[in-house]
Amino acid sequence: MTAVSQSVSLEVEDGIAVITIDNPPVNALSSHVRDGIADGVEQAIADDSVTAIVLICAGRTFIAGADITEFGGASKGRSLPETQATMENSPKPIVAAIHGTALGGGLETAMAAHYRVAIDSAEFGLPEVKLGLLPGAGGTQRLPRVTGVQKALEMMTSGDRIGADEALECGLINEIVDDLKAGAMAFARKAVDEGWPLVKIRDFDEKLQAAKDDPEIFTRFRAKTARKTRGFLAPEYNIQCIEAAVNMPFDEGIKFERERFTELMNGTQSAAQRYYFFAERQAAKIPDVPKDTPQIEINTAGIIGAGTMGGGIAMNFANVGIPVIIVDRDQASLDKGLGVVRKNYERSVKSGRLTMEDVDARMALISGATSREALADVDIVIEAVFEFMDLKKEIFADLDRICKPGALLASNTSALDVNEIASATSRPESVIGMHFFSPANVMKLLENVRGDATSDTVIATAMAVGKRIGKIPALVGVCQGFVGNRILAQRRIEADNMALEGAPPAMIDDVLYDFGFPMGPFAMSDLAGLDIGWDPEKSTGSTVKELINESGRHGQKNGRGYYTYDPETRAKTPDPEVVAMIKAFGESKGVEQREFTEEIILDRCLLPMVNEGAKILEEGIAIRPSDIDVIWINGYGWPVYTGGPMFWADTVGLDVVVEKIKHYSAMLGGRHWELSPLLERLAAEGKTFQSMGS
Ligand code: 3H9
């Protein structure tokens, strides 16, 4: 084996040159990989004993894309298109041998080979859209030529992967092999022996014809995905590039792709999304809990409470094959809870995401019990009952008696003191908060809450099990509301204050919707139910909440809240009576009525969140600013293309943020406007949250 570059080697076996890329962890296309591939191909072409070339990767995966850490830096060595041209123009056939994930630039490299083979577990995708980008090395022009326009649209705007079977069916790969290297070499030999042509995807035009005949395909696709892609530039640019593939010759399409790619790469959305990519991975790292900390082996789980949360949490475990026991007080509650779980799964059958067999297999993993004694042998218990401290303490005392030593005991509390819950046991080191977000089977965020005594093993296990069940875990400390809800509460205070000062709730909601949130605070309250925590017996019209509930408005559930809801379509219309009711209440309390602009509303909603985030960092409740962003993006719908509250504040400029907070503090007062010393210091030093490192 000869080294071609620091990460690429070449070996000739029986007339086949095998070029191996070994650039851990994911064989990203660093400059030495791009140079190594091109040099390796050139050496193989020059070697008369070589008849064909196989491109393969060592380690866990085929090339997973461009090296994202190189983005924004000075370009070094050959560009990926140059390397691809060397491959595509090779007079000897090149076979890409794929395992793991061929993603982004990795798939684009494979598409510049003449043939592709893969093992059956391999996956393929162009996930650039998730980084606010589009495939910038010919992917937008080659993929639709292979898969047809509809599939390319789906793959490139979602960034989702397809499996080897689907790739074979649509022509993205030529064969599925059992033994990757031997299979690829045999394929290459056959290509030579049988004189197969040097296939260049750039020359395929057949599969573009359907879209040429039906140009409306793009209009329909845009309409269908508009809601999901709202605010994002990258999905629209991906679509435009596929349109270019249909309407322009290949080389012009490549030029169009390059221009659009460069524009996205230099824009703030992609900067935010690339930042988020690393932030999510960083959140998994706990500075004082080493990577090799021993973990509890999780083979079985128990959930206390068969309500919406409990059922949703149980689904996460069943989805990855972990048997789970749900405990509730009586059979009727259990039956009801399990019925909801089944209905949720059946909805996935209707949408084509699961088969009926999948549902049966998952339901078979979920059992019910009416006694907590059933949890004696499980490895992890997650309590998901109402937020009453006394009830939680009673449950944890019982779990302490019942559960085997070493079991992880978690509470799904969204605000209560995990230390107090742990104090009900003789093993506080085993207790941790695991705060799931509703609906728990859908929402990605998991706030793991470490108590004072929580052991490293329990923390490491909660983080790992979170990842295993498909969540994005972030570790936080104990305080009222933890990170997510504590910040949410600040936004709520200001939203309510603005409503009392005369800003219509719908105006406030619209500003946040336009910023990129899925909905504003008032629409969110209507969805959750306005009567949560409202007691009709004790209601005296002394708060806006009481007034609204007393008027018979309880939110979406009865079609009337801050908005009125169409019973058929659920479409919402602002309710002028509510606006008047809140305004009159404000005036009766002597609240000064003000004029509002979009900028003022946005400032008053978002700046207290940033300020609170800074206080959370000062107190050590969050490990790093980027964890706060991960929490807000995954738990509360903060638009990822602005990077989360802390990244967004950096882009606004912390000096501007501080100045505005001081202005509002002087004008409005209130604890949430008291400037965080950390924020003030960073601004004074001309620094950013990102400069705090991690
Ligand atoms: C692109 O290709 C643009 C082209 O079209 C244009 C070219 C001109 N670069 O996720 P993991 C690191 S855009 C650098 O925990 P997993 C990651 O940070 C790219 N580093 O593992 C982590 O580091 P650490 C299109 C990367 O097994 C470590 O690898 N491609 C890259 O759960 C392990 O990662 C993508 O967007 C990278 N490209 O998942 C694919 N990728 O250990 C992005 C990963 O220090 N990558 N790292 O925290 C992924 O989706 C997942 O990493 C993958 C593995 C599925 C591959």
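What follows draws every value from the coordinates through simple rules; no lab data is involved. The model shown is predicted, which means the values in this text are computed figures rather than measured ones. Cβ coordinates were reconstructed from backbone atoms using ideal geometry, including for glycine residues, and neighbour counts include every protein chain displayed.
Remarks
- Taking the Kirkwood radius as Rh and the Cα radius of gyration as Rg, the stretch 250-310 has a ratio of Rg/Rh equal to 1.31.
- Charge dipole of the stretch 145-219 (Cα centre as origin; +1 on each Lys and Arg Cβ, -1 on each Asp and Glu Cβ, all else neutral): 360 debye, rounded to the nearest 20.
- Net charge contributed by nearby residues that have their C-beta within less than 13 Å of residue 445 (K/R +1, D/E -1): -1
- Length released on extending from residue 513 to residue 224, taking residue separation times 0.36 nm less the Cα-Cα span: 102.1 nm
- Residue 390-residue 426 FRET efficiency (beta carbon distance; Förster radius 22 Å; 0.05 resolution): 0.75
- Contact order normalised by residue count of the chain, Cα under 8 Å, 6+ apart, percent: 8 percent
- Neighbour net charge for residue 514 - beta-carbon separation under 11 angstrom, K R +1, D E -1: -2
- Estimated D of the stretch 264-386 in µm² per second, where Rh is the Kirkwood radius over Cα pairs and Stokes-Einstein applies at 4 °C, 1.567 mPa s: 77 µm²/s
- D_trans [Stokes-Einstein, Kirkwood Rh over alpha-carbon pairs] for the stretch 301-479, 37 °C, 0.692 mPa s, µm² s⁻¹: 204 µm²/s
- Hydrodynamic radius (Kirkwood) for the stretch 497-604, which is based on Cα pairs only, to one decimal in Å: 14.3 Å
- Cα pair distances of the chain binned at 10 Å [whole percent]: 3, 13, 20, 23, 21, 13, 6, 2, 0, 0
- Using C-alpha pairs below 8 Å separated by at least 6 residues, the relative contact order for the stretch 504-588 is 22 percent.
- Longest to shortest principal axis, alpha-carbon extents of the stretch 2-265, angstrom: 54, 41, 32
- The listed peptides 417-430, 573-586, ordered by packing as a protection proxy, come out as 417-430, 573-586 (highest mean of other Cβ atoms within 10 Å first).
- 31, 79 arranged by Cβ crowding within 10 Å, fewest neighbours leading: 79, 31
- Alpha-carbon spread of the stretch 535-665, three principal axes, descending order, Å: 44, 38, 31
- Positive-end residue, the stretch 301-479 charge dipole about Cα centroid, Cβ charges, pick of 354, 459, 331: 354
- More than 25 Å apart - percent of Cα-Cα pairs taken over the stretch 358-461: 19 percent
- In plain terms, the residue of 435, 32 with the fewest other Cβ atoms within 10 Å comes first and the most crowded comes last, giving 32, 435.
- Residues 554, 99, ranked from the fewest to the most other C-beta atoms within 10 Å, line up as 554, 99.
- Per-residue ellipticity at 222 nm, computed for the chain from helices alone with -39500 (n - 2.57) per DSSP H run of at least four residues, works out to -14500 deg cm²/dmol.
- Among 451-460, 325-334, 643-652, sorting by the average number of other beta carbon atoms lying within 10 angstrom of each residue, highest first, gives 643-652, 451-460, 325-334.
- Interchain or long-range residues, amide H under 5 Å from residue 66's placed H: 29, 105, 106
- Cα gyration tensor shape for the stretch 173-308, rounded if a/c is under 1.5, else prolate or oblate: oblate
- Computed from point charges on the beta carbon alone (+1 for Lys and Arg, -1 for Asp and Glu), the dipole magnitude for the chain about its Cα centre is near 620 Debye.
- Cut-off under 5 Å, modelled amide H: who pairs with residue 408 long-range: 380, 381
- Only one residue of 397, 319, 103 has its Cα farthest out toward the positive end of the dipole of the chain, where Lys and Arg carry +1 and Asp and Glu -1 on Cβ, and that residue is 397.
- Residue pairs, from the table 471/660; 130/660; 662/687; 538/615; 130/467; 291/467, whose Cα atoms sit over 24 Å apart: 471/660; 130/660; 538/615
- In terms of its C-alpha gyration tensor, the stretch 312-354 comes out oblate, because a/c is 1.5 or above while a/b does not outweigh b/c.
- Only Cα sites of the stretch 598-692 enter the Debye sum here, all with the same form factor; the resulting log10 I(q)/I(0) across q = 0.23, 0.25 1/Å is -1.26, -1.46, listed in q order.
- Positive minus negative residues near residue 75 (Lys, Arg vs Asp, Glu; Cβ under 14 Å): 0
- Highest mean first, the peptides 633-642, 266-275 sorted by other C-beta atoms within 10 Å per residue fall in the order 633-642, 266-275.
- Shape call, the stretch 479-521: gyration tensor on alpha carbons, a/c limit 1.5: oblate
- Pairs of alpha carbons in the stretch 381-438 separated by more than 13 Å make up 51% of all such pairs.
- At least 27 Å along the helix axis (C-alpha) and Kyte average at least -0.5, DSSP helices within the chain: 598-618
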